[in-house]
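What follows is a single structure, written as structure tokens, with notes after it.
The values are calculated or read from the model by the stated rules, or taken from the named source; none is laboratory data. For clarity, every value in this text was computed on a predicted model and none was experimentally measured. Note that each Cβ is placed from the backbone with ideal geometry, even for glycine, and that neighbours are counted across all protein chains shown.
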Amino acid sequence: MRQITEFFNSIGALFTNLFVAPDWHNVLDVLILAFFIYNAIKLVIHTRSNSLFKGIVLVLVMAWVSSLLHFNAVSWLLNQIISMGLVVLVILFQPEVRRGLDQLGRSKFIRRMFGNSPLSEEENLERPVTEIVKAMNDMSRKRIGALIVIERQTGLEDVIETGTRVDAEISAALIENIFEPNTPLHDGAMIIRNRRINAAACILPLSEDPSISRDLGTRHRAAIGITEATDAVSLIVSEETGIISMAREGRLTRHLDARSLTILLTELFTPERNMYSWLGTLRREVREDEKE
């Protein structure tokens with residue numbers, strides 16, 4: 001428990017020095033600490049480890065408070081838990097640690113450092129959008145069920161590991177072939193990362209939202225579930241009705257057409273644009289189509 005007290009004392013001393021006798025060393029030290037804490041929280045806040053992370057923070061706060069109040073029994077118990085803290089953290093947050101290192105390695109700064117310039121936002125944009133739209137419309141017409149998840153800021157490596165790696169360019173023929181019934185990879189989700197088909201037949205967490213219509217099956221619940229835990233966007237083709245839907249942030253938008261899909265995918269593959277502007281337009285168009 002002494003380590004916890006010393007840790008909080010050192011943090012307090014750092015901030016005291018910052019305000020009492022500020023110099024550039026202390027300012028830089030605090031900025032670096034804030035950067036790492038912010039990115040650590042950002043890494044887990046939209047994942048299934050969110051509750052686990054909050055529990056760990058609560059244990060640390062309880063340990064500090066019990067030490068201040070001299071609750072010896074509670075302090076001893078928490079000390080036994082925290083004594084193996086580093087090893088336990090690595091085990092519990094192993095997917096998040098791997099995802100964080102993966103995102104660090106794929107950052108623009110690192111790619112420039114090692115001579116791999118990131119693709120321009122215009123380069124190779126039209127082709128994947130056209131291919132996905134064509135595949136979705138073809139599968140909708142044929143009533144072939146499909147579930148495509150597009151990775152954004154939150155890494156989906158833990159989901160990708162449940163499926164089969166593909167790592168191929170996006171093409172309508174490949175997408176339709178993967179989701180063709182009775183083929184090895186048709187059951188599950190396809191993951192698109194960096195405008196490439198990264199994996200197929202991946203298992204997604206199902207949404208437990210009781211407000212979801214009972215008319216929607218497992219495919220739609222899985223599509224919504226992954227968007228509740230991450231910032232990914234899911235595209236779904238209903239096997240029963242052929243309706244094309246989109247799930248984002250735990251919400252489902254149905255009855256998408258080719259134009260709506262093109263707007264959606266163009267914005268997803270050009271992340272610097274405002275996602276909310278097209279989302280409002282898209283929902284208005286869908287409501288107008290439903291009225292007609």
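Quick notes on this structure:
- Filtering segment 269-288 for residues that are in a helix (DSSP H, G or I) and at pLDDT 55 or above leaves an empty set.
- Unmet criterion (only one of (1) over 24 Å from residue 251 (Cα atoms); (2) buried (at least 19 other Cβ atoms within 10 Å of the Cβ)) for residue 164: (2)
- Test: residue 236 is surrounded by 20 or more Cβ atoms within 10 Å (Cβ to Cβ), among the β-branched types (Val, Ile, Thr), in a strand (DSSP E or B) and modelled with pLDDT of 90 or more: yes
- Residue list for segment 167-195, filter: surrounded by fewer than 21 Cβ atoms within 10 Å (Cβ to Cβ) and either closer than 15 Å to residue 233 by Cα or acidic (Asp, Glu) (or both): 167, 169, 176, 180, 187, 193, 194, 195
- Within segment 158-184, the set of residues being in contact (Cβ under 8 Å) with a residue 12 or more places away in the chain and either in a loop (DSSP other than H, G, I, E, B) or of a type in the set (Asp, Glu) (or both) comprises 158, 162, 163, 167, 169, 170, 171, 176, 180, 181, 184.
- Of the set (1) buried (at least 19 other Cβ atoms within 10 Å of the Cβ); (2) of a type in the set (Lys, Arg); (3) within 15 Å of residue 135 (Cα to Cα), all apply to residue 248 but (3).
- The listed residue being modelled with pLDDT under 90, more than 18 Å from the chain's Cα centre (by Cα) and either within 21 Å of residue 131 (Cα to Cα) or not in a strand (DSSP E or B) (or both), out of 187, 215: 215
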